[in-house]
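Worksheet: one structure, shown below.
The values are calculated or read from the model by the stated rules, or taken from the named source; none is laboratory data. These numbers were taken from a predicted model, which means no experiment stands behind them. Ideal geometry is used to build each Cβ from the backbone, glycine not excepted, and the neighbour counts take in all protein chains shown. These accessible areas exclude ligands, DNA and RNA; they are computed on the full protein's heavy atoms, side chains included. Shrake-Rupley method; radii C 1.70, N 1.55, O 1.52, S 1.80 Å.
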Amino acid sequence: MSSHPTMPFEVARRQLHFLWLVDYSGSMQGAKIQALNQAIREAIPEIRAAVANHPEVEVLMRAIRFSDIAEWHVGPDPVPLDQFTWPILGTDNYTNTAMALELAAGELDVAKMPRRGFPPVLLLISDGEASDAGRYRAALQNLLTLPWGKRAVRIAIGIGQDHQINERELRAFNSDVERPLLRAHNVAELVEQIKWASTAATVASSAGKSATGQATQNVLLPQAPAHVMLIPNGGDVF
Amino acid sequence: MVRLSTQGRPQKGVPFEATEVAGKTRPHMSHPNVLAIATSGSTPGREYTILRRLAGGGQGEVYLARDGDREVALKVYHAHMGGAEQEAMVRAQVREDMSRTPDQRRFVWPRDLVRVAAWNRWGYVMPLVDRGRFLDLGELQARRGKVVMSPRRNAEAGYQLSSSMRALHLAGHCYRDISRNNILFDPATGEIRIIDNDNVGVAGDTQSGVVGTPEYMAPEIITGRAAPSSETDLHALAVLLFEMWTWHHPLHGDLECRVHCWDLPAKQRIYGDQAVFIFDPRNDANRPNDPDYRGVRAAWEIMPETLRRLFTAAFTEGLHTPARRVTEGQWQHAFLQLFDGALRCPCGAELLWDPAAAGPLRCWNCKKAVAVPPRLRIDTGAAPFHLPLVPDTQLLGHHLRPSHGRGEPPELVGQVVPNPGVPGMWGLRNLSGTPWTFVGMDGATRLVPPQRSAPLTLGARVMIQNRTCTFES
Ligand SMILES: [Zn+2]
């Protein structure tokens, strides 16, 4: 049967721009940055699998790293998901989250974005608070004025214990500010949160899923799985 | 109370300072000795051993489980999804026997309600579907070039889908969530399976949480004016059938194409009250003019005329007037006809002869005109059924009574055979138990007893089971 001519069907595609915004400030040194590198490398095949049967979705990926300055880790040219590889990230000194948002906003400009796309995905991963809080607020404000920025699926993941991160600051980044902040207290959680957020956001942005009522957001992002993590007795808490 | 994650036992958290990242983490581990116990269904108390996770979804996760030496699928609801209403719906489904007819058996139906004590969750057991054989539409599209569904298989799948939905609606149910995610196809045979049936409810009952998948929602659901019903199922069915025949959404034309960011507010605009069919003959506002949409234009061009007419009806007057939607019975009849009208062009392409088409049949592949064999026109009371006659063509019970659907196995009524005495002459042999009446061109009638054959004579008629059948060319 396969030797017979096949119907000339074709799938029309839309682009989905995925941006990693990754903190590599000094406090990320050691297990955190290693876990982050590993988690993102493991997340890529899972995202690929999640959209493998959606040929209408063309995922293009980039990454911004930020410490004292923000710069392209992968980019600025978007890389098709099936060619995307994650270069190992080391650590540096500061936490210039503001500049990372500015760099991202520059790419979400209408002129640079596709004619036909899905809501972009912005995944912010940080273990501290922005070095310049005022500039961060301004950068976020600007991002939310952009047509593509305000429609983006924005998820922040806070790494570390409660006193180390600025929960309010990171939550403000989330497209759904009602949601609890995704937290990673340890290696296992970080890997799991990165995989869940990257895959769920990609699917929510692009693939049609069953809905259960009136939506309050512009995409239907499922609830993050609830977790209880047990810290072994005697272990050091970071 | 500590709530465990659905991934089984809690993982031990290891602080970053205490460890290096070693090896792969395994978020979905195996579940040795986790038991699910049937609480309702055929055998309360029956034990299922959960083996491994197969898939996850918005409502819960599906596991492979063992029941003795038989493997089954077992869905476990997330804590926040499996409410009492959902449980009551599944409990009612488990009580219903959906294994009596071929139409019913295509539903992968809940069999046992189960409790998973170790996770403090409930779920249900259903038959396991071979996902190597049955694929969803996205999988079919992604495998283009390796596995494709031939036009005839596509007609078979369309028949099975509309026939099963008709059976479900006749039983007073509505499905609520027909979409490409819930219908699986065997591309080699056109057989289908309908999965995720736990949202199937009693029509008119609004208890279920699921209102559909945006792409398949009727405008009145999108705008919040109506709840899922068998009428909104008809819209979703038409959208999915259109996608099976074009690989494109019927409302994705210029209006959709101009939307930069395709999010829910945009879908509400395009699928809601302003929805316009891309091939609406009276409104060209939403034509698929973009170069990227050449696929759907080509597919529409070569689509059998019968389907073009039905899709046009479904997405013009049927779009905003639920009572005018194309019914499952209309789809059933069309697909039965197309299935039996399948021909092979000398170039190798499979064609579907379509009685609604004017002019000669053209091959969609080589573009040449293709000779159409003579037909038996069967006046069924509703729309006539046209059976192309080639050597060995079988006349089946459902050709005489299309509205009754196809029997399984089909009832064999007659077959085209050569006249052993006169080379080049053919007849329709009576393989039923009752005699037919042959009416010749001169008006004279002759009896055609079982095992005898009526000569294939242009313009002559045969009375078969109270149906008038005419030989045409
Ligand atoms: Zn041909």
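Some points to look at:
- Residues whose amide H falls under 5 Å from that of B:Trp122, counting only those 5 or more places apart or on a different chain, are B:Tyr77, B:Val116, with hydrogens built in the peptide plane.
- For the set B:Val422, B:Val462, solvent exposure ranked by accessible area (probe 1.4 Å, protein chains only) runs largest to smallest as B:Val422, B:Val462.
- Cβ charges +1 (Lys, Arg) and -1 (Asp, Glu), total dipole of region A:144-201, debye: 280
- Here B:Ala117 and B:Glu408 are evaluated by their C-beta separation; at R0 = 60 Å the FRET efficiency comes out at 0.90.
- Potential lengthening between B:Met425 and B:Ala460 on full extension [0.36 nm per residue; Cα-Cα distance subtracted]: 11.1 nm
- In nm, spacing of pseudo-spin labels at A:Trp72 and B:Asp130 (7 Å Cα→C-beta vector): 4.9
- Dipole axis of the protein assembly as shown (+1 Lys, Arg; -1 Asp, Glu on Cβ), positive-most option in B:Phe471, A:Val110, B:Ala65: B:Phe471
- For the segment B:150-157, counting C-beta atoms of other chains within 10 Å of every residue's C-beta and taking the mean gives 1.
- Less than 5 angstrom separates the built amide H of A:Asp127 from those of A:Ile159, all sequence-distant by 5 or more or on a different chain.
- Å² of accessible area per residue within chain B, as computed with a 1.4 Å probe and no ligands counted: 43
- By the beta carbon rule, with partners counted only under 4.7 Å, chain B holds these lone Cys residues: B:Cys174, B:Cys257, B:Cys261, B:Cys469.
- Think of region A:35-207 as having a plus end and a minus end, set by charges on the Cβ of Lys, Arg, Asp and Glu; of A:Val187, A:Gly90, A:Phe173, A:Phe173 sits farthest toward the positive end of this dipole.
- Listed peptides A:56-67, B:335-346 by packing density, highest first (mean Cβ within 10 Å): A:56-67, B:335-346
- Here chain B yields Rg over Rh of 1.04, to two decimals, using C-alpha coordinates and the Kirkwood radius.
- Carbon/sulfur fraction of accessible area - chain B, other protein chains in place, 1.4 Å, %: 51
- Karplus-derived 3J(HN,Hα), 6.51/-1.76/1.60, for each residue of region B:405-417, Hz, glycine and proline x: x, 8, x, 9, x, x, 7, 7, 9, x, 8, 6, 10
- Virtual spin-label span in nm between B:Ala369 and B:Ala84, 7 Å along Cα→Cβ: 7.2
- Near the amide H of A:Val59, within less than 5 Å, lie the amide hydrogens of A:Leu16, A:Leu81, all on another chain or at least 5 residues away, with H placed in the peptide plane.
- Top positive-direction residue, dipole computed over the protein assembly as shown with Cβ charges, set B:Val76, B:Thr434, B:Gly407: B:Thr434
- Karplus-derived 3J(HN,Hα) values for region A:126-139, using 6.51 cos²θ - 1.76 cosθ + 1.60 with θ = phi - 60°, are 8, 10, x, 10, 4, 4, 10, 4, x, 5, 4, 4, 5, 5 Hz; glycine and proline are entered as x.
- Cβ crowding within 10 Å averaged over residues, with B:232-242, B:324-334 ranked highest first: B:232-242, B:324-334
- The protection proxy used here, the mean number of other Cβ atoms lying within 10 Å of each residue, ranks peptides B:441-448, B:429-436 as follows, highest first: B:429-436, B:441-448.
- Efficiency of FRET between B:Ala382 and A:Arg13 - r from beta-carbon atoms, R0 51 angstrom, step 0.05: 0.75
- Once the C-beta distance of B:Arg324 and B:Arg269 is scaled by a Förster radius of 25 Å, the resulting FRET efficiency is 0.65 to the nearest 0.05.
- With the biggest extent put first, the Cα atoms of region B:31-126 measure 36, 32, 25 Å across the principal axes.
- Of every Cα-Cα pair in the protein assembly as shown, the percent that sits beyond 42 Å: 37
- Cut-off 20 Å (backbone N to label point 7 Å along Cα→Cβ of B:Glu47), residues of region B:100-133: B:112-126
- Inter-probe distance in nm under a simple model that places probes 7 Å from Cα toward Cβ, at B:Thr223 and A:Val110: 2.8
- 0 to 90° range, to nearest 10: angle between helix B:305-315 axis and chain B longest Cα axis: 40
- Cβ neighbours within 10 Å from other chains - mean over A:149-161: 1
- Computed [θ] at 222 nm, deg cm²/dmol, the protein assembly as shown (DSSP H ≥ 4; -39,500 (n - 2.57); rounded to nearest 500): -8000 deg cm²/dmol
- Figure legend: label point modelled 7 angstrom from the Cα of A:Ala224 along Cα→Cβ; residues of region A:189-206 with amide N under 19 Å from it are A:189-205.
- Derived scalar couplings ³J(HN,Hα) [region B:97-105; Karplus, 6.51 cos²θ - 1.76 cosθ + 1.60; whole Hz; x for Gly, Pro]: 7, 10, 10, 7, 10, x, 4, 6, 5
- This model, with +1 at the C-beta of Lys and Arg and -1 at the C-beta of Asp and Glu, gives the protein assembly as shown a dipole about its Cα centre of some 1720 debye.
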